[in-house]
Structure formats: C-alpha cells, structure tokens
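The values are calculated or read from the model by the stated rules, or taken from the named source; none is laboratory data. Here the structure is a predicted model, which is why all the values come from computation and not from measurement. Cβ coordinates were reconstructed from backbone atoms using ideal geometry, including for glycine residues, and neighbour counts include every protein chain displayed. The protein model used for the area step is the full one, side chains on, heavy atoms only, and it has no ligands, DNA or RNA in it. Shrake-Rupley method; radii C 1.70, N 1.55, O 1.52, S 1.80 Å.
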Amino acid sequence: MNKITSAFIRVLRQSSSSGGTGTLLGRQLSYKSDLSLDKIYPGARLQIYTPPPPSIGSDKFSGFIPMDRLEITYSRSSGPGGQHVNTVNTKVDVRFKVEQADWIPEQTRQKLLKVLANRITKDGYFYIKSDLTRSQQMNLADALEKLRTIIRSQEAVAAAPPSEETLEKLRRRQERAVRERLQLKRGRAQVKADRQGPSGLDL
C-alpha cells in the first residue's frame with residue numbers, strides 16, 4: 001500500500017468520524033459528483049416543476065391531454081422480442097369517451113364523433129393501441145402522439161379551391177407537356193426509320 005492510498009484512507013476515516021469533508025493533496029473531498037446539476041447549471045432552480053394545464057376556452061387544441069381522464073391498460077406485446085415479450089406488459093391501450101372529453105374543443109369534438117363513428121364502441125369509447133417498442137413509457141408516448149395527430153387533423157384548415165386562372169395555367173402546361181412528348185416520340189421513330197436499309201434494289 002503506497003503513501004497516497006494510506007493517506008486517503010486516513011482522511012476518509014477522519015471525515016467519517018467527524019461527519020464532514022476532508023482534504024487530500026490540496027483537493028476538497030466530498031460525496032457529490034463533479035457532474036452534479038448544481039455544478040452544471042449554477043444558480044438554476046433544480047426542483048421539478050410541472051406547469052398548470054392551459055385554459056380550455058381556446059378554439060384550438062393545445063396538445064395538453066389530462067392523464068387522469070384516460071383509461072390506460074398494459075398487456076403483453078405480440079411479435080418477436082425473446083423472453084422479454086413474455087415477462088413484461090409493454091403494449092399500451094388508451095381509451096376515453098369522446099363525448100365527455102371536455103379538454104377537446106367542442107367543434108373539433110363534433111368532427112371527431114363523425115369521423116371516428118366506425119371506431120367508437122357502443123359505450124362511446126375510442127381506443128388507441130401502441131406496441132411499437134418494448135418500453136411502456138415509449139409506447140404510451142407513441143399512443144398519445146397518435147391521439148394528438150388525430151385531433152389536429154380535424155382542425156387543419158382545408159385548402160381553398162384553385163382559381164380559374166390557375167386551372168387554365170395547369171391545362172396549358174399539361175398540353176405543352178403532351179406536345180413535347182409526342183414530338184420526342186416522332187423524332188425517335190424517325191431516327192429508327194433512317195437506320196433501316198432500302199426495302200428493294202433496282203436492277
């Protein structure tokens with residue numbers, strides 16, 4: 001055992017008996033890592049903060065989904081995955097009643113009831129499933145993102161029909177493309193015809 005190791009053990013014994021931190025070779029000994037958050041982000045608030053949900057009065061979906069209004073169940077995933085599939089419930093089933101989902105704007109909710117009529121059960125539940133990964137949290141995040149995509153697709157503004165001027169430009173462009181294609185086709189046919197020899201010889 002060298003001198004540095006023995007000195008280190010001696011300092012640790014002293015610090016453990018005194019309950020404080022010691023000094024070895026001019027360096028302060030502590031139990032906190034150099035990569036702790038208060039050293040990486042000095043002066044930052046390290047408490048975990050969850051912001052309050054946004055107000056529901058808006059006409060657009062904010063993306064906030066209250067987890068306490070959903071019914072989430074986990075089950076075994078299908079497909080390959082080894083023994084991990086047989087031991088862990090990673091498949092996520094998310095369901096909720098669309099009519100009672102007051103966190104979705106009223107106009108969007110009525111559109112969802114019409115669009116998802118074939119996917120809503122008799123009890124009024126809409127199901128979303130995800131077994132994309134072998135992680136519960138990842139599958140839950142995927143299911144929630146699917147739900148956000150469905151809701152936002154009903155809020156997308158339909159594109160205005162093209163004007164008569166635009167339709168005329170498209171028609172002329174298509175006719176020009178057809179003429180150029182036929183001209184190129186005739187040119188290639190003429191090249192092939194020129195390659196052929198005379199059909200008969202005058203004797």
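Here is how the numbers come out for the structure above:
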{"read-out": "Scan of the range 150-177 for residues that are modelled with pLDDT under 95, open to solvent by less than 100 Å² (accessible area, probe 1.4 Å) and among the hydrophobic types (A, V, I, L, M, F, W, C), ordered by number", "value": "Ile150, Ile151, Ala156, Ala158, Ala159, Ala160, Leu167, Leu170"}
{"read-out": "Residue check, Asp131 of a type in the set (Asp, Glu), surrounded by 15 or more Cβ atoms within 10 Å (Cβ to Cβ), closer than 30 Å to Thr73 by Cβ and touching a Leu at 6+ places or on another chain (Cβ under 6 Å)", "value": "no"}
{"read-out": "Pairs where the first residue, in the range 134-158, is closer than 24 Å to Asn89 by Cβ and the second is part of a helix (DSSP H, G or I), C-beta under 6 Å, 6+ apart", "value": "Arg134/His84"}
{"read-out": "Residue check for Gly200: exposed (fewer than 11 other Cβ atoms within 10 Å of the Cβ), farther than 30 Å from Gln110 by Cα and at pLDDT 90 or above", "value": "no"}
{"read-out": "Test for Leu116: is it among the hydrophobic types (A, V, I, L, M, F, W, C) and within 39 Å of the chain's Cα centre (by Cα)", "value": "yes"}
{"read-out": "Residue check for Gly57: modelled with pLDDT under 65, open to solvent by less than 90 Å² (accessible area, probe 1.4 Å) and within 30 Å of Arg109 (Cβ to Cβ)", "value": "yes"}
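The rows are residues; the columns are (1) modelled with pLDDT of 90 or more; (2) within 21 Å of the chain's Cα centre (by Cα); (3) open to solvent by 20 Å² or more (accessible area, probe 1.4 Å); (4) under 20 Å from Glu145 (Cα atoms).
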site: Arg76; (1), (2), (3), (4): no, no, yes, no
site: Gly82; (1), (2), (3), (4): no, no, yes, no
site: Val85; (1), (2), (3), (4): no, no, no, no
site: Val88; (1), (2), (3), (4): no, no, yes, no
site: Val92; (1), (2), (3), (4): yes, yes, no, yes
site: Lys97; (1), (2), (3), (4): yes, no, yes, yes
site: Ala101; (1), (2), (3), (4): no, no, no, yes
site: Ile104; (1), (2), (3), (4): no, yes, no, yes
site: Gln107; (1), (2), (3), (4): no, no, yes, no
